[in-house]
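As structure tokens, the structure follows; a few thoughts come after it.
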């Protein structure tokens with residue numbers, strides 16, 4: 001018998017632009033709506049590509065004018081909350097977490113539940129605003145009625161930073177195994193678009209072009225592996241502020257036609273289905289969505305040992321130290337041998353059994369019902 005009570009849930013996030021946290025929120029909001037809850041998503045900035053994926057979920061646009069639009073934006077947020085009348089406000093990412101804590105007295109009687117999505121971020125690579133925001137988030141964490149962290153590594157880091165642990169729980173990310181499923185024909189079509197030879201083994205890095213993703217280590221590893229295996233080809237999928245710098249760096253490594261810069265893509269199941277293996281070279285992560293999506297599409301992974309990556313891939317993937325291009329090159333070569341011998345395991349089964357979207361939705365639903373009024 002289902003004893004879970006129906007709830008009105010408001011999710012708050014800066015935008016629904018393409019991103020890991022944003023995709024997880026969309027899946028979670030849709031899943032909660034499917035389970036009979038009344039759900040709304042409020043965004044600071046409208047126009048994100050993922051807005052169209054909301055299904056039976058109300059979209060509230062708060063029209064934030066910029067970083068310094070705090071008074072007017074706060075009034076619009078409070079009005080939206082009282083108009084919708086949520087039982088729970090679930091904030092995603094640092095800025096929404098801070099806002100819900102600061103405005104808590106104006107948001108009552110809704111309960112405030114934070115979602116912390118990162119692990120050991122190297123804030124020295126970002127500006128003062130990011131560092132101040134991280135400091136303030138810790139100081140305000142005691143005001144949250146509940147905190148959900150998407151990785152075990154993230155919880156350890158949050159506690160080490162000084163966040164209160166009294167109301168903190170880990171809910172691993174979940175993946176839509178109906179959407180992310182092997183699609184060989186779409187994969188072959190994309191390989192032809194990228195001019196990948198039929199006998200090539202295609203290694204992909206799917207990540208925004210951001211310092212934390214450490215593309216340079218991947219590119220150095222790719223070059224080292226390519227020197228040992230002429231069948232290896234590589235593709236970098238994603239965009240970001242480092243594009244020109246990274247393309248220039250790769251040109252110095254003389255890949256020739258064995259490296260494709262694919263830019264941002266929206267057809268991700270096809271992207272993963274085009275790959276023979278997926279790599280993650282990040283310096284830090286929480287719970288890497290890219291690995292879960294690739295595995296759901298049947299693609300084995302080689303990853304750096306960051307966040308919950310090792311826990312996610314289990315025995316189906318290979319794990320190497322971060323910032324070590326030689327170790328990553330060795331992992332690529334070993335996985336290439338496994339793929340050729342058809343001994344790369346069954347990564348999709350691991351996702352279906354342990355990290356499905358439905359499993360995550362059920363876990364969040366249970367936790368939200370436990371948050372005290």
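The values are calculated or read from the model by the stated rules, or taken from the named source; none is laboratory data. Predicted, not measured: the structure shown is a model, and the values here were computed from it. Reconstructed Cβ throughout: ideal geometry from the backbone, glycine too, with neighbour counts over all protein chains shown.
For this structure, a couple of remarks:
- Filtering the range 260-278 to residues that are in contact (Cβ under 8 Å) with a residue 40 or more places away in the chain and not in a loop (DSSP other than H, G, I, E, B) leaves 260, 262, 268, 269, 270, 271, 272, 273, 274, 277, 278.
- Check on residue 12, at pLDDT 95 or above, part of a loop (DSSP other than H, G, I, E, B) and buried (at least 18 other Cβ atoms within 10 Å of the Cβ): no
- Count of the range 86-113 residues which are within 16 Å of residue 8 (Cα to Cα) and either out of contact with any strand residue (DSSP E or B) (no Cβ under 6 Å at 6 or more places or on another chain) or free of Cβ contacts under 8 Å to residues at least 60 places away in the same chain (or both): 4
- Filtered by the rule that a residue be at pLDDT 95 or above, assigned to a loop (DSSP other than H, G, I, E, B) and either under 19 Å from the mean Cα position of the chain (by Cα) or outside the structural domain of residue 99 (by TED's automatic domain parsing) (or both), the range 15-43 gives 15, 16.
- Scanning the range 35-75 for residues that are touching a residue at least 60 places away in the same chain (Cβ under 8 Å) and out of contact with any helix residue (DSSP H, G or I) (no Cβ under 8 Å at 6 or more places or on another chain) yields a total of 1.
- All of 226, 186, 200, 169 fail the test of being surrounded by 20 or more Cβ atoms within 10 Å (Cβ to Cβ) and either in contact (Cβ under 8 Å) with a residue 24 or more places away in the chain or within 18 Å of residue 293 (Cβ to Cβ) (or both), apart from 226.
- Condition check for residue 207: buried (at least 22 other Cβ atoms within 10 Å of the Cβ) and within 20 Å of residue 322 (Cβ to Cβ): yes
- If you go through the range 293-342 and keep only what is part of a loop (DSSP other than H, G, I, E, B), closer than 19 Å to residue 212 by Cα and in contact with a strand residue (DSSP E or B) (Cβ under 6 Å, 6 or more places away or on another chain), you end up with 305, 322.
- So residue 221, is it surrounded by fewer than 22 Cβ atoms within 10 Å (Cβ to Cβ), touching a residue at least 12 places away in the same chain (Cβ under 8 Å) and not in a loop (DSSP other than H, G, I, E, B): no
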